[in-house]
Amino acid sequence: MNVAIQKLQSNLFNNIEVEVLRTDEIHLIVSGNKWFKLKYYIQDCIKKGKETLATFGGTYSNHIVATAYACKSAGLKSIGIIRGEATKFSSHTLKDAESYGMELHFVSREMFKEKEKIYNQFNKDVYWVNEGGLGALGSKGASEILLTANTSIYTHIICACGTGTMCSGLISGALPNQKVIGISILKGNNDLENVVNSLVSKNNHASYSLLHNYHFGGYAKHPLELIQWMNELHKKENLPTDIVYTSKLFYAVKDLCNTNYFTSQDKVLVIHSGGLQGNLSLPKNTLRF
Ligand SMILES: *Cc1c(COP(=O)(O)O)cnc(C)c1O
């Protein structure tokens, strides 16, 4: 698979060479990185002879809708365990997931944490994937994001981190002389370092740092300043971003470029990991795109 690279041209990035890997363009609903993260779970499920794959997520989860779609494409049944009670008005995300054949089960926030209890309620033949695709197979799939373009020419690769699975895959897949930067979009996720460290392959991999000061208040928080940034970025670069992950990622890139984090010799690759379907939860006309 080939993914397009977009060169950023505006004055936002202080003349640092910044290019974007547009994995968001692979599919409108199935955001780029989820596609890669699911690949080996789907293969493993089929190899183990299981017909149903189940996973966890919230009402607007990119992972849920991507799993539904990927399972449908692979001829597997899918189950989504959704955090929180069912409401009368289903989210567009869950409607899409159902339209791809996913069977939804709503559980309380308390119950959602009791994974063992949930597993026991289902047939032993269900193949379980962690929330967000967290795990070694997800990381392995994510490392292949770097094979979709000529990514060896960059000094830095920068991505958004939720669980850290994608970031760990990029670290494993990048060259030892490249540096991977992960932008945590959760507030105070002190566990991220451990998770990434445990998933990174033990081979010769890239160096990395994880930054924790670009969460804009926490997961899915989107103050006006962030919305304005999304509109400005779209106006100046024709680049759409999502409210949960990539808007915060690109804000971090801008900030790092303007605070001399990079030198003029550096060449930065930003991974646009998709997630645009999440913007449908905003009131109409909030975004210019
Ligand atoms: C899920 C997601 C991420 C985070 O991926 P992790 O592997 O959980 O860190 C980043 N960007 C988008 C658009 C996502 O949907």
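Assorted remarks:
- Number of positions in region 172-196 that are in contact (Cβ under 8 Å) with a residue 24 or more places away in the chain, assigned to a helix (DSSP H, G or I) and more than 12 Å from the ligand (Cβ to nearest atom): 2
- Checked across region 138-159, the condition of being closer than 15 Å to residue 199 by Cβ and either away from the ligand (no atom under 16 Å from the Cβ) or among the charged types (D, E, K, R) (or both) holds for at least one residue.
- Criterion (closer than 24 Å to residue 134 by Cα and of a type in the set (Val, Ile, Thr)) met by exactly one of 196, 253: 196
- Any hit, region 19-37, residues being more than 13 Å from the ligand (Cβ to nearest atom), under 23 Å from residue 98 (Cα atoms), touching a helix residue (DSSP H, G or I) at 6+ places or on another chain (Cβ under 7 Å) and not assigned by TED's automatic domain parsing to the domain that holds residue 270: no
- Residues of region 262-289 classified as away from the ligand (no atom under 16 Å from the Cβ), under 29 Å from residue 69 (Cβ atoms) and open to solvent by less than 50 Å² (accessible area, probe 1.4 Å), total: 1
- Across region 65-91, the qualifying residues are those that are surrounded by 17 or more Cβ atoms within 10 Å (Cβ to Cβ) and in a helix (DSSP H, G or I), and the one among them that is farthest from the chain's Cα centre (by Cα) is 71.
- Conditions (1) assigned to a helix (DSSP H, G or I); (2) near the ligand (Cβ under 10 Å from one of its atoms); (3) among the polar types (S, T, N, Q); number of the one not met by residue 163: (1)
- The set of residues in region 122-137 being more than 21 Å from the chain's Cα centre (by Cα) and either at pLDDT 95 or above or surrounded by 12 or more Cβ atoms within 10 Å (Cβ to Cβ) (or both) consists of 122, 126, 127.
- Long-range neighbours under 7 Å by Cβ, at least six apart or interchain, first residue under 20 Å from residue 153 (Cβ atoms) within region 248-266, second within 14 Å of the ligand (Cβ to nearest atom) and among the hydrophobic types (A, V, I, L, M, F, W, C): 253/158; 253/270
- Residue within region 248-261 that is open to solvent by 40 Å² or more (accessible area, probe 1.4 Å) and under 20 Å from the mean Cα position of the chain (by Cα) present: yes
The values are calculated or read from the model by the stated rules, or taken from the named source; none is laboratory data. Quantities reported herein were computed from a predicted structural model and do not represent experimental measurements. Cβ: placed from backbone, ideal geometry, glycine included. Neighbour counts: every protein chain shown. When the accessible area is computed, the model is the full protein with side chains, heavy atoms only, and any ligands, DNA or RNA have been set aside. Shrake-Rupley method; radii C 1.70, N 1.55, O 1.52, S 1.80 Å.
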